[in-house]
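The values are calculated or read from the model by the stated rules, or taken from the named source; none is laboratory data. Everything numeric here is computed off the predicted structure, so don't read it as measured data. Note: ideal-geometry Cβ built from the backbone for every residue, glycine included; neighbour counts use all protein chains shown. Remember, those area values only see protein heavy atoms, side chains included, never the ligands or the DNA or RNA. Shrake-Rupley method; radii C 1.70, N 1.55, O 1.52, S 1.80 Å.
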Amino acid sequence: MSLLVVGTVAFDAIETPFGKTDKIVGGAATYACLAASYFTSESKLVSVVGDDFPQEAIQNFKDHKIDIAGLQIKQGEKSFFWSGRYNNDMNSRDTLDTQLNVLATFDPVLPESYKNSDYLMLGNLVPAIQSKVMDQMAKRPKLIVMDTMNFWMETAWDDLMETIKRVDVLTINDEEARQLTGEYSLVKAAKKILTMGPKFLVIKKGENGALLFHKNQVFFAPALPLEEVFDPTGAGDSFAGGFIGYIAQTDDISFNNMKRAIIYGSAMASFAVERFGTERLLGLKKEEIESRIQDFIDLVQFDITIEE
Ligand code: AMP
């Protein structure tokens, strides 16, 4: 099944306790599309970059069979730039700089061939632009997944609320769930968010895994304990890309299939953090993904028989 992904395609500058990068290619849609490309062969990207964006990165999309007919390249303009610094625990970070550049005037135009996509991933982006993409779909996708972050809660609250209303699944991290609801308890926060529009909510907790909420059901997936986490940037987006990519591949939006999708998403996030930027998400082998899924199964499988 086809999948449309919108989000930032960007330059990032990252500082972690292990090192620092100059401008490297990142962006929410970049990570999400690359992760999804391992599951669906029909991924379509909508985004914008400046003429400073490297040809090599565009080639990476093509190598992953990602349709880039909807990627606008603005001559004489600069790509979106984000810079962040991770704290020692690698689970929290501070944004040092966000330069919207081409994003400030981005008007997404969906090519005709995108408008009937079966699944839609609204990656982290200006909420009004996420809405504009939904407006242009010829039919409602089978599932709309949305990701967002604190930046938009602080700068575009009303638009964010309008956009959240229209989606099926919201994926956000624990701090953002608290900021969105004013609730410290994630269970209380989830209850509130499930009244805002989405029927499903995924709360990402970094190295502490992810929670899936639906009605009064909850499912928990751990993150794989990794010896080395090099750069957590893009973990959330890779998670979302793996999650929706798997759902698009299986074409099944039941809660049970979403549980599997969460594990696939977690597996893609675990790859993303092993190297700086998108490096580890390029050219993964099918067997590597399968073996990682097996690691997840082994991690949580146990036999207990409750005596009557
Ligand atoms: P994640 O680590 O999954 O939360 O996402 C990191 C990616 O999000 C980076 O590659 C950034 O380029 C991108 N990003 C950072 N800030 C924003 C923002 N305000 N809107 C959209 N994308 C952003």
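Per-structure values
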{"quantity": "Counted residues, region 234-256 - those being crowded, with 22+ Cβ neighbours inside 10 Å and more than 14 Å from M268 (Cβ to Cβ)", "calculated": "0"}
{"quantity": "Residues being within 13 Å of the ligand (Cβ to nearest atom) and not charged (D, E, K, R) - total across region 201-222", "calculated": "3"}
{"quantity": "Counted residues, region 5-39 - those being modelled with pLDDT under 95 and either in contact with a helix residue (DSSP H, G or I) (Cβ under 7 Å, 6 or more places away or on another chain) or near the ligand (Cβ under 8 Å from one of its atoms) (or both)", "calculated": "0"}
{"quantity": "Region 96-108 residues that are under 16 Å from G26 (Cα atoms) and polar (S, T, N, Q), paired with ones that are open to solvent by 10 Å² or more (accessible area, probe 1.4 Å) and modelled with pLDDT under 95 (beta carbon under 9 Å, 6 or more apart)", "calculated": "T98/F151"}
{"quantity": "Residue in region 256-272 that is assigned to a loop (DSSP other than H, G, I, E, B) and either within 24 Å of G27 (Cβ to Cβ) or more than 16 Å from the ligand (Cβ to nearest atom) (or both) present", "calculated": "no"}
{"quantity": "Elements of type strands (runs of 3 or more DSSP E) in region 79-164, at least 1 residues being crowded, with 19+ Cβ neighbours inside 10 Å, modelled with pLDDT of 95 or more and within 12 Å of the ligand (Cβ to nearest atom)", "calculated": "80-86, 119-122, 143-147"}
{"quantity": "Subset of region 277-308 [closer than 19 Å to A235 by Cα, open to solvent by 40 Å² or more (accessible area, probe 1.4 Å) and in a loop (DSSP other than H, G, I, E, B)]", "calculated": "L282, G283, K285"}
{"quantity": "Residue in region 58-78 that is nearest to L3 (Cα to Cα), counting only those that are among the basic types (K, R) and away from the ligand (no atom under 16 Å from the Cβ)", "calculated": "K65"}
{"quantity": "Contacts under 6 angstrom Cβ, first residue in region 230-249 being in contact (Cβ under 8 Å) with a residue 60 or more places away in the chain and under 9 Å from C33 (Cα atoms), partner outside any helix (DSSP H, G or I) and open to solvent by 20 Å² or more (accessible area, probe 1.4 Å), 6 or more apart", "calculated": "G245/F39"}
{"quantity": "Selected residue [open to solvent by less than 50 Å² (accessible area, probe 1.4 Å) and under 17 Å from the mean Cα position of the chain (by Cα)] from F11, F53", "calculated": "F11"}
